[in-house]
Structures are given as structure tokens and as C-alpha cells.
Amino acid sequence: MNMRNRVAGFSAATALTCTSLTACSGWAEESSGITIGMSEEILSTDPSSGYDPGSWLLFNNVFQTLLSFPNGGTDPQPEAAESCAFEDTRVQVYRCELKDGLEFSNGDPLTAEDVKFSFDRIRLIDDKAGPAVMFNMLDSVETPDSKTVVFRLKVPDATFPSKIASGAGSIVNHREYEAKSLRKDGLVSGSGPYKLTSMSKDEAVFSPNESYKGPAEVKNGGVTLKLFHSDQDRLRQSLTDHGIDMAFRGLPAKDLAGADSLGGEQGIEIVEGNSAEVQHLVFNMNDPVAGKVGVRKAVSHLLDRDALIKQVYQDTAIPLYSIIPAGVIGHTTAFFDTYGDRPSQEKAEAALRADGIEGKVELTLWSTPSRYGLATDQEMRVIAEQLNSSGLFEAKVKSVPFDRYEKDIASGKYGVYVKGWLPDYPDADNFTAPFFGEGNVLANNYSNRTITETLIPHSATKMNRLEASGDFGKIQDIVAEDVPVLPIWQAKQYAAVHDDIRGYQYCLDASTVFRFWELSKV
């Protein structure tokens, strides 16, 4: 996901006075608050801008969507809507009926006008760090009455229900947000299970929203989310010192697996869940070196995923052999089938020579640990060592801050760089459509008309997603042949929790929704 820093408004003093959420929210005294620590930032409190894991964690708990993903499920179910369905077999007209009595946390009614406003606003603002790209297929939003919303799509899109169930479908109060500009006061007006009570640089405080009407049942008195800004040691220390109840996204691999694991220490349990987070090497197709298919295929023949994962991540990830991860309908092992799972110097050399390349290939791998984790630099160094040990490459690694990294990628300065992807919704479409065509999120100048004009559009007509598997299989085969990206690993999802916390298993599934409301303390 892309990111942009856009957090302001609440003072640190306000946040500190509300550390006890039972006091701030007026919630029942017997309902304990939960304190969670993570290394991710919350880069936006406005759904028209936020497109990063930390911001979507906030959106999923503070805003309602028409549909939502149930615990452990990937099939969207009604949330603010009473019902939603396609009206036509061409999957281009989608109608939703709202529940009765919906309200924002300030008491304002939530009606079809707010839904239309929210989707129109995302597209009008079209923030480059926001999710507007997810709704390119949306033609218009109509409101026949105060409870009915009709979406008309330019092209068929069977994944539309999943898209509006994601953080991109957050419904905002039209009375409190500008139609054409982002909210800059840092305040939030939503109708979800929680209210954002206060926020500072290091902490966000959430209290239960008594006005909420939906399927979520809040099981705690509120949540304090502490932000550790990539400081893994301080996150670990806060967990062991009982400064937080749960650590999510940010602990190093050694704390999650192996002899140095936190598991069992001081009543701490390491919990593993499903994840569809992936990481790729990306090749700039216009680069004079990486743009040569022989170079890309040689790298594919030399990458040893198993050794890399064991050395850097201590088996807290799994090798990835396609752009669509395991567990998602449509997944194949196209790169395994084409390049195998063991490095081959002979095949790599043959790929280079077939492309007329003689001598060692000089290659720079670009990295940014500030976005994809502190281990990313080490990972790139290991890949460089694997390439160099073949005698075919002279590879080196350069690491830069994320803001420079994104600008340089956009301007085409890098030949090879790392990109992570945490899906917006659990469908193969979200691992393919954003990666190809003009303005794709990888910014690598790769274009394939068979993918963009035939396979992706055809897959979008299939309401039964199993029926789209053939299209996705062909996409993966093309990518394995052209190698615009090289899949590296698929993450496992972990949390470290104290043994008095319950419900954490409902926060770690393939939907990527971290459900505050499921957590409780005994």
C-alpha cells in the first residue's frame, strides 16, 4: 500500500488524560481497556488519503462500511447495509439498502446521502496517497431515497463488494467533511464500533461508540494504541514490562521464532495467524540493465528463497512462487514451475547469454527499511550475496528513507527495488489489477495488453471467484515468463500477547482486518 504522512490535531496532553478508557468513554467499569503496541504509523485519519496498514487499522474500527468481512471469512457480509446485491447478470449495477436508525458518534443520522458523499469525495479528491484508484470502475452513485444506494459501474466488477467492504469504503459524515479537500484537524467522525477519543504522535485512544448499530459486539472498555515508530527494542521492552497487553506488527523474527522467542516468557504467548502480505523484487522495464529479460530471468534462477527466509526471517515467512499468495483463490506456483526452488548457476548463465550478455552484470538493489521493516536491508544484502556467489553478478545494496525512495521510483531512477503489498481485500484481483497497466502501484513501466485488456476484465465478470481461476492462472504464467516482478516471500502474521488477553485469534486472518472489538482481558 502507498503511504502519506497526514496526522495532526490532537495534543499529547489530551491523549495522556485519556489513558484510562473507562474514564474517557463512560463505559462499564468491569470492561477493561486493552493496550496494543505496533511499529506501524497511522499516516492519515481521513479515508480519502490513508492507504497504509496503520491508517486502515483505524478506519476499520472507527468507520462503518456497507459490508464487512466476518471473522475468518473473505465473503463480505452486511455491516451498515441491511442487504446488498448486484441487480444485473453483467455485474455493473449494485444496490444496497441501509439499516434503520444508523447514527454517527455525534448523533447525526447516517443516510444514503453520506454514502454517496463518501464515494464521490474519494474520487473528487483523488489523493495520490489514497484509495481512489480502487474505484476507477465506478461511474456514478445514486440515492433513490434516504436508505437506498445504487452504484453504477463503467465495466463489470464482481469484486466490487470486497472493495466497498475494505477501508476504502469508509462512510464519513457529509456535515463534517469537505467534498473536495482532506480534513486537516485530525478529528474523526465515524459510525463504527469505536470513537477516536484522542491522538498524539505516540498514541491513539479509542473508546466504544454507544451509537454504533452493526454486527460487531464490543468486548472491552476501549483500546489504547501505542506507536513505537520502528523501535523494535522499545516495543519488546514495553511488552515484557507490561506497558502493553499485545504487540502487533513490529517485533523482529528472533522474538517470534527460535531459541530467543518471547513465547512463554513472563506469561507471553506468540500467536500465529494467516496473512496474505507479500514482498517482491520489482524490475524497472525501462532500465538499461534490469530492463533486459536475460538479467531478470538470471536473477530468478539464482534466488534461494528458503535460505533467505531461514537466514533473515527465521522461518516467520514462507517462500512465494507467484504474485498471488497461497490461500487466495486462483493461486498457482508459476515461478516454481518455471525456475524451480533451487538456484542454478548454469540456467542463469544460459539466460544471460541468450540475451547477448557477456561478463558480470552490475546491479544495484534498492531498499527502504523505514517502510518494509528493519530486516529489509539485510534481506537485500543476502540476495546480493546469492547473485554474486554465482560469479555472474556484481550486485550491491543501497538503502534510503521512504520519502526519497518513492520519489526516486516514480522518476525511474532505480533498476531493481523492493516492494511489499498488504492486500486491500482478499481476492486475486487485488494482487494483479493494481500491478499492471498505466499508473500501476509498482511504477515499473511494465505493460501487457493481454493482461490488462483481456484477462483482468474477463476475471472481473465472474461472481463465482473460482470461475476466474483460469484467467488468473494465465496472468501468473505471463508474469513468470516476463518477470516484471519476482515474488520473494509471503508473510505469516504474528502477535505477542499476555496470557490474560482473549479474542486475538479474530484479529489475525486473511481479511487483514484487525478487530479491536474482539479483544478482552480476563
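Taking Ala257 and the conditions (1) in contact with a Gly (Cβ under 9 Å, 6 or more places away or on another chain); (2) closer than 23 Å to Gly54 by Cβ, which numbered condition does it fall short on, given that it satisfies the others?
Failed condition: (2).
List, please: which pairs have Cβ atoms under 7 Å, are six or more places apart or on different chains, and start with a residue in the range 184-202 that is in contact (Cβ under 8 Å) with a residue 40 or more places away in the chain and at positive phi and end with one that is of a type in the set (Gly, Ala, Ser) and open to solvent by 40 Å² or more (accessible area, probe 1.4 Å)?
Between residues of the range 184-202 that are in contact (Cβ under 8 Å) with a residue 40 or more places away in the chain and at positive phi and residues that are of a type in the set (Gly, Ala, Ser) and open to solvent by 40 Å² or more (accessible area, probe 1.4 Å), the close pairs are Gly186/Ala8; Gly186/Gly9.
Just need a number here: residues in the range 96-120 that are of a type outside the set (Gly, Ala, Ser), under 27 Å from the mean Cα position of the chain (by Cα) and under 16 Å from Val150 (Cα atoms).
7
Given the conditions (1) without any contact (Cβ under 8 Å) to a residue 24 or more places away in the chain; (2) within 15 Å of Trp366 (Cβ to Cβ), which single one is not true for Val400?
Condition (1) is where Val400 drops out.
Matching residues to (1) among the hydroxyl-bearing types (Ser, Thr, Tyr); (2) modelled with pLDDT of 95 or more:
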position	(1), (2)
Thr432	yes, yes
Phe435	no, no
Ala443	no, no
Asn464	no, no
Gly470	no, yes
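Given the structure, is Asn430 surrounded by 15 or more Cβ atoms within 10 Å (Cβ to Cβ), within 30 Å of Lys474 (Cβ to Cβ) and without any contact (Cβ under 8 Å) to a residue 12 or more places away in the chain?
So Asn430 does not fit the description; no.
Does Leu235 satisfy the condition of being buried (at least 21 other Cβ atoms within 10 Å of the Cβ), at pLDDT 95 or above, hydrophobic (A, V, I, L, M, F, W, C) and not in a loop (DSSP other than H, G, I, E, B)?
No.
Looking only at the range 495-522, which residues are surrounded by fewer than 23 Cβ atoms within 10 Å (Cβ to Cβ) and of a type in the set (Ser, Thr, Tyr)?
Selection gives Tyr506, Ser520.
With the requirement that a residue be of a type in the set (A, V, I, L, M), surrounded by fewer than 22 Cβ atoms within 10 Å (Cβ to Cβ) and out of contact with any Pro (no Cβ under 9 Å at 6 or more places or on another chain), what does the range 433-454 give you?
Ala443
Just one of the numbered conditions (1) surrounded by fewer than 23 Cβ atoms within 10 Å (Cβ to Cβ); (2) within 27 Å of Val397 (Cα to Cα); (3) in contact with a helix residue (DSSP H, G or I) (Cβ under 8 Å, 6 or more places away or on another chain) is not true of Glu277; which one?
Unmet condition: (3).
If the Cβ limit is 8 Å and pairs must be 6+ apart or interchain, which residue in the range 325-343 that is surrounded by 16 or more Cβ atoms within 10 Å (Cβ to Cβ) and assigned to a loop (DSSP other than H, G, I, E, B) pairs with which residue that is small (Gly, Ala, Ser) and at pLDDT below 95?
Note: pairs meeting the criteria are Pro325/Ala276; Val328/Ala276; Val328/Ala510.
I'm trying to understand the selection: among the residues of the range 46-56, which are at pLDDT below 95 and either open to solvent by 10 Å² or more (accessible area, probe 1.4 Å) or among the charged types (D, E, K, R) (or both)?
Asp52, Pro53, Trp56 - these are the residues of the range 46-56 that are at pLDDT below 95 and either open to solvent by 10 Å² or more (accessible area, probe 1.4 Å) or among the charged types (D, E, K, R) (or both).
Condition first: outside any helix (DSSP H, G or I), touching a Gly at 6+ places or on another chain (Cβ under 8 Å) and closer than 30 Å to Lys195 by Cα. Can you find one or more residues in the range 423-439 that meet it?
Yes, the range 423-439 has at least one match.
Hey, among Ser198, Ser166, Ser189, which residue is over 30 Å from Asn136 (Cα atoms), open to solvent by less than 10 Å² (accessible area, probe 1.4 Å) and polar (S, T, N, Q)?
Going through Ser198, Ser166, Ser189 in turn, just one is over 30 Å from Asn136 (Cα atoms), open to solvent by less than 10 Å² (accessible area, probe 1.4 Å) and polar (S, T, N, Q): Ser198.
Is it fair to say Gly330 is at negative phi and within 21 Å of the chain's Cα centre (by Cα)?
Here the answer is no, as Gly330 does not meet what is asked.
The values are calculated or read from the model by the stated rules, or taken from the named source; none is laboratory data. All values derive from a computational prediction rather than experimental measurement. Reconstructed Cβ throughout: ideal geometry from the backbone, glycine too, with neighbour counts over all protein chains shown. For accessibility, only protein heavy atoms count, side chains too; no ligands or nucleic acids. Shrake-Rupley method; radii C 1.70, N 1.55, O 1.52, S 1.80 Å.
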